[in-house]
Number of protein chains: 2
Amino acid sequence: MSHYKAPLRDIRFVHDELLGFEAHYQSLPGCEDATPDMVNAILEEAARFSEEVLAPLNRVGDREGCTWTAEGVKTPTGFKQAYQQFVEGGWPSLAHDVAHGGQGLPESLAMATNELISQANWAWSMYPGLSHGAMNTLQAHGTPEQQHTYLEPLVSGRWTGTMCLTEAHCGSDLGLLRTRAEPQADGSYRIHGTKIFISAGEHDMAENIVHIVLARLPDAPEGTKGISLFIVPKILPKADGSLGERNALSCGSIEHKMGIHGNATCVMNFDGATGFLIGPANKGLNCMFTFMNVARLGTALQGLAHSEVAFQGAIRYARERLQMRSLSGPKAPDKPADPIIVHPDVRRMLLTIKAFAEGNRALLYYAAKLVDVVQRSTDEAQKQQADTLLAFITPIAKAFMTETGFESANHGVQVYGGHGYIAEWGMEQNVRDSRISCLYEGTTGIQALDLLGRKVLMSQGEVLKAFTKVVHKFCQAQEGKAELKEFVEPLAKLNKEWGDITLKIGMSAMQDREEVGAAAVDYLMYSGYVCLAYFWADMARVAHEQLAAGTSETAFYQAKLHTARFYYQRLLPRTQAHAQAMLAGASSLMALDEADFSLGY
Amino acid sequence: MSHYKAPLRDIRFVHDELLGFEAHYQSLPGCEDATPDMVNAILEEAARFSEEVLAPLNRVGDREGCTWTAEGVKTPTGFKQAYQQFVEGGWPSLAHDVAHGGQGLPESLAMATNELISQANWAWSMYPGLSHGAMNTLQAHGTPEQQHTYLEPLVSGRWTGTMCLTEAHCGSDLGLLRTRAEPQADGSYRIHGTKIFISAGEHDMAENIVHIVLARLPDAPEGTKGISLFIVPKILPKADGSLGERNALSCGSIEHKMGIHGNATCVMNFDGATGFLIGPANKGLNCMFTFMNVARLGTALQGLAHSEVAFQGAIRYARERLQMRSLSGPKAPDKPADPIIVHPDVRRMLLTIKAFAEGNRALLYYAAKLVDVVQRSTDEAQKQQADTLLAFITPIAKAFMTETGFESANHGVQVYGGHGYIAEWGMEQNVRDSRISCLYEGTTGIQALDLLGRKVLMSQGEVLKAFTKVVHKFCQAQEGKAELKEFVEPLAKLNKEWGDITLKIGMSAMQDREEVGAAAVDYLMYSGYVCLAYFWADMARVAHEQLAAGTSETAFYQAKLHTARFYYQRLLPRTQAHAQAMLAGASSLMALDEADFSLGY
């Protein structure tokens, strides 16, 4: 039985009280419909669907997994029916263009409904989730005909989509890819090659699957500058849009993997499959980068999901499980032992998960708000600033949220003791499911290089400054508020240190390019902790304001203050370990000869 | 196909060069037979058995798991045959008393052979491994008749043994246990109750299984002071030692768990099973504590195992996998891309695993040496000092080595990128198998309370001082050696800080007992990093000495120096995060009301 509850109160706290989404929606063209009433109604309906339909299928998916047959892949019991309900409910079209059958609501609202869906059942959520890459490609680069033929059924959810990037010998390094596209007389292409790790590449939930395949034209330049995008549908649509012939592509096998068993990870064979060029030839990677941010935020969401699931599981067990007496005297003298939530170390784990879940939620919705501005604002300066902030915050959100999501999932297991290792409680599944999030959509290392190398250092620190300025203004605005001093003072100090560290690394990187890679992951994690420090300080501000205004929810806002304090005292010190490690430089990493790593074996 | 290679060169480095085991063995009564030649011969044979017999069964065990039937539990293909070879090779009897059919070799030598066995196949190693608790109980507390009947077949390996502690409602808190023992007219007892999480509780590898069961006598005091130990064999031996009737006990089911699938984790039902009291009534827990250290070091070994497995897997892949060019220019210009070992962040992960594996190996053998002294020395003062050091080092070894083993296993996955998540490479199994090690045999939190509360603070810091004195003497002895300054200076500083922090926590704990639990895990991890700093400094000393003496293995010793440097520059800064977190005190953990942890759900 699933216990998942949608954290609606906390979403509203972040949405309405922290980030002012009401005014945000009213300020953006086409978002005026997203009134508080409508937002609430949508979130409540998404909560119901997630709690009642998706969450009960989460263990089923893990236990049954997917089944490969030559005819296709069978998804776990109930997955298809849930998808039908999802389509009937109009969920796939929420944030898509009205011109293609969408409801035209803001992307940030889809992010909020996706938060609930992803927490209830991550493996299931990937089937509709993976369509986004295909839809975004079609939206941005498709011809009107391509959009009419492929985008509308995707928006409605009748079809799903995938992005086919990875090959056996190339993951992070797409420049190595070999899949090739042969031009045909009719203007189409024949696609030859094998793609691996294609999530939702084949399944029985929708009537067609639209693959966006990265491949090389015959005359393409080598490396990343010779990659083009092709639309390669599982079933070729006829001129009237109805389903025609089966295309020459098939799922060769599905992977046996650590978790997300409910989602089919497919080896896809393209054996001269018919494909259609989308976007300009040889510019495929550039085309994809235009919506990379949204895709990465979709994986950041997974990090949040595993923190939330860990928290809900751990808090329930910590209240029920009786074990040992509190060191400061019995807290439940009528029971044979105290509930383990009385023990400080159990609280340390619970609060760590809680601080990550709530802090990361703020970070994610902050990013979602930026996405709205980038997509909708008519104010070029505002749009430009949002774009810069989004470029900065996205790799942090993706990597920091998934790393801390994995840490949270592990604390969830640890609170259960030995029981956490047993399947029936769901906590070990949460660890297994979460582990992939630090790997796909760009590993933590790749995100870190993107952040430090491609963004912060390439812009001479300007991209960082866009964000430290936000923090600086916040600190200035709160100056003199005694009740916020415990947060604002260390935050201001860290905000300055952040710039100083960046400068130092920038200087050493001018001497030795390896310094970038040597510092990158510590830099990213450091940045993540500072970002969350900003959001926790701001959440403390809101809590103080509400308490001063005489809120009736005293306990809720007090809990925010306690959690903020825990974050500052217990988690933020990790910045110092990261700072020292990255400032130590590259030499201790590079000194050892490749051959000398493992002598004597 | 398994690639496992026994790390014999590194074991010899620690054994012979760092810790001087040759002189150690010659100084202990009954260990004189353990000459370098004999030790080498035994280790080489254990290496062969581990590499050729056990390692190939590691994935088999994970994939097949164990199968429950009403007649008993079937272990994975090949497990039983490997066990037969193990018994025929005389491995179970290595370190046991000659009086009971053992070979009388030192415990530390068994630890070394177990290192190899555990790395090749942890799930398999638990079947013979779990016998140790039963054997130690019989050795320490059995009557001569009990020893004759039960200990000899266990020592030979014909039978295996278990320790039956946990019940569904009691894990860490054994005082709550309910299994009861009814006295019979013939002096035996009828045991009633259900035990859970009994590793190797039932299997098809040996002809009998001897359970040591914790249960309560009818008149027993409540809590931990009313627990007695009983010998409860699966099959009751006849007077002549041959197998008689089946006892009234059975395996009710086996758990579905995250990893160690090859080992059967059993629910054991005792339905009026015949048992025999061992040791004094109501003193069962005290009896068990006498050999708790060895059991915990056996789990510490698991931490080392997962680091070593992660390292061997990751280094192989990092050399083969071609992806992207080095930021400082192509390193393999003849290939389509550079091997990923050129990238600093991949090296960071590899070196992290390496520093943990080699550092933890030193820590473990240091502890094993103490075990020898405690078991064998005739010098009471030396024995007493070793006992104190062992009491201190054991919870650190158990928790720090398993936590860093789990971290290592995760880096192992990360080096593989998305491929790390796929079963065929074995890296995700390593993560799943390792996760249990931080839970059983006392969770990390329990070890931390044992270290800080029961040992360091209860002894007014004396137990800590026993070890900081060792470090202090080392630092003094190396003073003035310029080549060691980079290690000895920060080590001496940390060694002092360690004492200061302990004093501060001790002072606050006098005001508020919760401070102990609030600081414990950070204190343990801090202590682990300082311990490894000591061993890495000492390993650097050996390396410098060998280089100065004109060794022919220059690269091997240079690698030790590089890894020591990496450890000091990149991992040791974590102590500062732990120090700050624990000195922040308990208030941020205890302030939040239990009811307010999750408002709004």
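Placing a pseudo-label 7 Å from each Cα along the Cα-to-Cβ vector at A:ASP37 and A:GLN85 gives an inter-label distance of 2.7 nm.
Compared with the dominant principal axis of the Cα atoms in chain B, helix B:36-49 is inclined by about 80°. Counting only residues at least eight positions apart within a chain, or on another chain, the aspartates and glutamates with an alpha carbon under 14 Å from that of A:LYS225 are A:ASP173. Going from the fewest other Cβ atoms within 10 Å to the most, the residues A:MET135, A:MET292 appear in the order A:MET292, A:MET135.
For the stretch A:235-274, the share of alpha carbon pairs falling in successive 5 Å distance bins from zero is 6, 22, 17, 16, 15, 13, 8, 3, 1 percent. Treating each Cα of the stretch A:95-244 as an identical point scatterer and summing with the Debye formula, the log10 of I(q)/I(0) at q = 0.10, 0.11 Å⁻¹ comes to -0.38, -0.46. When the P(r) of the stretch A:401-522 is calculated, the portion above 25 Å amounts to 49% of the C-alpha pairs. Contact order, relative form, for chain B: 12 percent (alpha carbon pairs under 8 Å, 6 or more residues apart, mean separation divided by residue count). Relative to the globular-protein estimate of 2.2 N^0.38 Å, the Cα radius of gyration of chain B stands at 0.98. Taking every DSSP helix (H) stretch of at least 4 residues in chain A, weighting each as -39,500 (n - 2.57) and dividing the sum by the residue count yields a mean residue ellipticity at 222 nm of -16500 deg cm²/dmol. Under the simplified labelling scheme, the B:ARG9-B:GLU545 pair shows an inter-label distance of 2.0 nm, with each label point 7 Å from Cα along Cα→Cβ. Evaluating kT/(6 pi eta Rh) at 25 °C and 0.890 mPa s, with the Kirkwood radius of the stretch A:529-601 over Cα pairs in the Stokes-Einstein relation, gives 158 µm² s⁻¹. Computed over Cα pairs, the Kirkwood radius of the stretch A:302-348 leads via Stokes-Einstein (0.890 mPa s, 25 °C) to a diffusion coefficient of 214 µm² per second.
With neighbour counts taken as other beta-carbon atoms within 10 Å, the residues A:PHE86, A:PHE566 rank, fewest first, as A:PHE86, A:PHE566. Were the residues from A:GLU207 through A:SER242 laid out at 0.36 nm apart, the gain over their Cα-Cα distance would be 11.5 nm.
Annotation: the residues A:HIS169, A:HIS306, A:HIS544, sorted from fewest to most other C-beta atoms within 10 Å of their own C-beta, follow the order A:HIS169, A:HIS544, A:HIS306. Count Lys and Arg as plus one, Asp and Glu as minus one, and take only other residues whose Cβ is under 13 Å from that of A:PHE311; the net charge is then +2. Rg and Dmax of the protein assembly as shown, based on Cα coordinates, read 30.5, 97 Å. Centroid-to-centroid, using Cα positions, the stretch A:453-468 and the stretch B:406-443 are 35 Å apart. According to the calculation over all Cα-Cα pairs in the stretch B:193-344, the P(r) per 5 Å bin from zero is 2, 8, 11, 12, 13, 12, 8, 6, 5, 5, 5, 5, 4, 4, 1, 0 %.
Here the stretch A:444-588 is assigned +1 on the Cβ of each Lys and Arg and -1 on the Cβ of each Asp and Glu. Its dipole about the Cα centre then comes out at about 120 debye. Model label sites at B:ALA168 and B:ALA140, defined 7 Å from Cα along the beta-carbon direction, differ in position by 3.1 nm. Cα centroids of the stretch B:145-198 and the stretch A:508-570: 51 Å apart. Could you tell me which residue out of A:GLY445, A:GLY506, A:PRO490 lies farthest along the dipole of the stretch A:444-588 toward its positive end? Charges go on the beta carbon: Lys and Arg +1, Asp and Glu -1, centred on the Cα centre. Of A:GLY445, A:GLY506, A:PRO490, it is A:PRO490. In chain A, the longest principal axis of the Cα atoms and the axis of helix A:380-415 are about 70 degrees apart.
Note on the stretch A:1-151: Cα Rg divided by 2.2 N^0.38 Å, N the number of residues, gives 1.14. Using equal-weight Cα scatterers in the Debye expression, the normalised intensity of the stretch A:444-588 in log10 at q = 0.12, 0.17, 0.18 Å⁻¹ is -0.53, -0.91, -0.98. Based on alpha-carbon atoms, the Kirkwood radius and the radius of gyration of the stretch A:36-95 give Rg/Rh equal to 1.09. The relative contact order of the stretch B:83-144 comes to 16 percent, based on Cα pairs under 8 Å that sit 6 or more residues apart.
Each reported figure results from applying straightforward, stated rules to the coordinates on display, with no laboratory input. Given the structure is predicted, the values throughout are model-derived calculations rather than measurements. All Cβ positions, glycine included, derive from the backbone under ideal geometry; neighbour counts span all protein chains shown.
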